Amino acid sequence: MEEDGGIVEKKITIGVCVMEKKVKCGLEVLSAPMGRILERLQAFGEFEIIHFGDKVILEDPIESWPICDCLIAFYSTGYPLKKAEAYAALRKPYLVNELEPQHLLHDRRKVYQCLEAYGIPVPRYALVNREFPCQELDYFIEEEDFVEVHGNRFWKPFVEKPVDGDDHSIMIYYPSSAGGGMKELFRKVGNRSSEFHPEVRRVRREGSYIYEEFMPTGGTDVKVYTVGPEYAHAEARKSPVVDGVVMRNPDGKEVRYPVLLTPNEKQMAREVCIAFRQAVCGFDLLRCEGRSYVCDVNGWSFVKNSYKYYDDAACVLRKMFLDAKAPHLSSAIPPTLPWKVNEPVQPCEGLTRQGSGIIGTFGQSEELRCVITVIRHGDRTPKQKVKLKVTEEKLLNLMLKYNGGRPRSETKLKSAIQLQDLLDATRMLVPRTRPGRESDSEAEDIEHAEKLRQVKAVLEEGGHFSGIYRKVQLKPLKWVKVPKSNGEGEEERPVEALMVLKYGGVLTHAGRKQAEELGRYFRNNMYPGEGTGLLRLHSTYRHDLKIYSSDEGRVQMSAAAFAKGLLDLEGPLTPILVSLVSKDASMLDGLDNASIEMEEAKYERRGLKGQQQGLKCFFEARLNEIITSGAKNSNSNVSSEFPWMTDGAGLPPNASELLPKLVKLTKKVTEQVRLLAKDEDEELIETNSYNVIPPYDQAKALGKTNIDVDRIAAGLPCGSEGFLLMYARWRKLERDLYNERKERFDITQIPDVYDSCKYDLLHNAHLNLEGLDELFKVAQLLADGVIPNEYGINPKQKLKIGSKIARRLLGKILIDLRNTREEALSVAELKSNQDQESTLAKSEEDGEYQSKFFIKSEDTRRASTTSDLSIDQDDDDDKETKYRLDPKYANVKTPERHVRTRLYFTSESHIHSLVNVLRYCNLDESLQGEDSLVCHSALERLHKTKELDYMSYIVLRMFENVEVALEDPKRFRIEMTYSRGADLSPLEASRLFSK
């Protein structure tokens, strides 16, 4: 090249000291990222590329290696790194990536230590170093749901990584509460990048490993590529931890999409580059709950299939080489890049404008911005509870074992080890034979033995413990003082305790299918545009998805199955659950927020203790009054015109006549099941098989296969419930429904009778129980009236109780809507400003947009006046950092397109409560005279909706009219829809998701 003085300078030589299998230079491998970048460097006319070749690198002495000004050298399998270091020391070329630090990159322990030394956030981790395979270490403890290293405990899910950075066999271990098992991650093989192993529960012991806290990233991984400390490019892909299926485009290449880095993440990329002295490198970025962490730093990584990135990388490397070897020359980028003349045009995928369409009255200018959905769980087995007082020493000792030896403290048993201990103790206590009619045993002893049998049967069902379906509580009732074992003084010992076993409520195979099908329905119908519109939005970081679930197993698994259908995932539910579903018990569980209303009812005088029993008494007494009097409401005008405003709305007029019929039919069904259980029990006694666990794996209920076919063929109840447990279920209903001594009905049992009828008609129809269909019809008529009135007898009560039950959920929904609106306005305002400032340099625009976006989002949140709403969500906004697609590199027509989805999975109580608040919120004293949020026709339709069945849901969708002024209140519209659910009527053709 020539300078102004006419002096000809020789070109800067760039030595490529890289194994040929890693990269080749030349026309035959133009698709290789490095080849693309080197061709662009050559096009500047300032550089000469010298490729060393494998023979030179492996066989020739370093003295005969080509001499170069700049050296590109990086380690790969079989690469002589020490030899390359010696060459660099001899010739002293400018090193793009320094060689000595590359040794660190092949030991994950050293990588993490280096990151920590530079203050770069990493996941919480601990090291287990073994000198030889299977070496026992005194500082390493493994239990069912955690490992402990030097006292540092890691609860499942956790990650297990070999310390060898070249070993890519990484394991993730899942908790028993999510079904257990392990997922193995590995380098892509075809279309697979991971495999799930449900049977593997113990960690490896063959070598040394890093144990690391699992970071839920919403199913998306981010890879960052640096070219010098001032340039970083990031791409997102579907995480292999979700289902292990690699997304590929029609050319067979993995689908990845460029994303914007936050200012903090850009600084992290700079520090990684400096810490390891690797100008060109890549690392994994984990984005979790608003924070970012670095793990697995790789040397010399380039982006694939991005022409814009190749241009940028060539320009950045050119400046680095010129600054190092020819600082007197200008490194300014020419107005026209020299390779652009012959550069092939990057193909456009020809995407349509996702989300645009004729919706409502706003027309094509309206775009979907937010989808908020509250969903009930899918079909489940009936929930059951066994209560018994225990005095047996084995059970009392078990209570002391797990409550820390405190005689007055209760304990809860949920883990597999705890439940196995209880099963072992119970097996020893259950009598081998049952007393006959001639026995002198007292009735209480017989009942106690029967309950122990029931506990044993429940614990044995499935042949495998899954903590989300069985829980035991042991609460001491009486204790005495006894001499201490060492003879010094006295100590307390419990002598009687209350055992409460809760079980059932398992998501059935049908429930899983319901949830998956509803997820597919949402994917294809809730997001306007093409059928693949949602998947495109999600994979390109234009879809902000968060899924929340209550703590109940059936709700969690429903959420995971729905996510599987929504995002078109494959495989078992456990990895999907752990990766995508967040538990929020305080927002989505139980009736605790309504307990004050229970006390206010002031029906404690009937001897029932506790706040929940207070509301039960109130509701029961008032409904009993309505049922027995046959009166609906004294205000006949209101009753006729607005039936949903009456006390006890929905109760059948002949309810008082239906109750005795309900009791009679329940007894009839119970007697038939008793005979079936008697035959089963006699067979068990004859075969002496009390210690045999049935060959059924509860984990199959998590979605592996249809588990009921063999049991139906054998004439057994579906699921894992034997006749003994089925009889216990019906016998309890019979006893609780009607007290013969007091001649009193307990109408709170009506929903449970209906639940059992429905379950057995749907899943156990092959048992042909006489009268079950008639019992179902009677129970349904009563349940349709009783269940809605559990949440308030009249509209004002429904509003008050509903607002307390769903208080946190309502607040979160309002925050979701507020954040979506302010985010949309921020983006629209910034886009408008960018259009007006088009004279700015492109790089400055991008940085300015990114910085402004994050600052603007923070400012609008701080300026919001919703403190009353966010009282229980004080950190929620901080966790919802806005991540964006990078418009510079994205091959999509609408990179600014963005949709927020929030899915809340819960139980029936929250669905009823939310519906009640929506239709009666205008009755609040502060809103006197306001119209209802729900129109008259919709109120009437809601009144006629008899049941909010499994998978019932409420959807709020926010749309933005982009042609309306930013300050116009009509710029945003919210659409509300609901579905009564799966309509699993066992007496007629089933229909899914009727509206």
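The values are calculated or read from the model by the stated rules, or taken from the named source; none is laboratory data. Treat the numbers as computed from the prediction; the structure is a model and nothing was measured. Cβ: placed from backbone, ideal geometry, glycine included. Neighbour counts: every protein chain shown. Just so you know, the surface numbers come from the protein's heavy atoms only, side chains and all, with ligands and any DNA or RNA stripped out. Shrake-Rupley method; radii C 1.70, N 1.55, O 1.52, S 1.80 Å.
If you take the Cα centroid of the range 115-150 and the Cα centroid of the range 537-584, the two points sit 29 Å apart. When both the range 942-968 and the range 718-752 are represented by their alpha-carbon centers, they are found 39 Å apart.
Taking the Cβ-Cβ separation of Cys134 and His106 as r and a Förster radius of 35 Å, what is the calculated FRET efficiency to the nearest 0.05?
Computed FRET efficiency for Cys134 and His106 comes out at 0.90.
Dipole size of the range 70-167 about its Cα centre, with +1 on Lys/Arg Cβ and -1 on Asp/Glu Cβ: approximately 760 debye, rounded to the nearest 20.
Here the accessible area of the range 93-175 is 50 percent carbon and sulfur, with a 1.4 angstrom probe and all protein chains present. Solvent exposure of the range 183-323 amounts to 37 Å² per residue of accessible area, where only protein heavy atoms count and the probe is 1.4 Å. Of the listed pairs Lys387/Lys678; Lys11/Lys55; Lys800/Lys970; Lys156/Lys758, which have alpha-carbon separations greater than 29 Å here? Exceeds cut-off: Lys800/Lys970; Lys156/Lys758.
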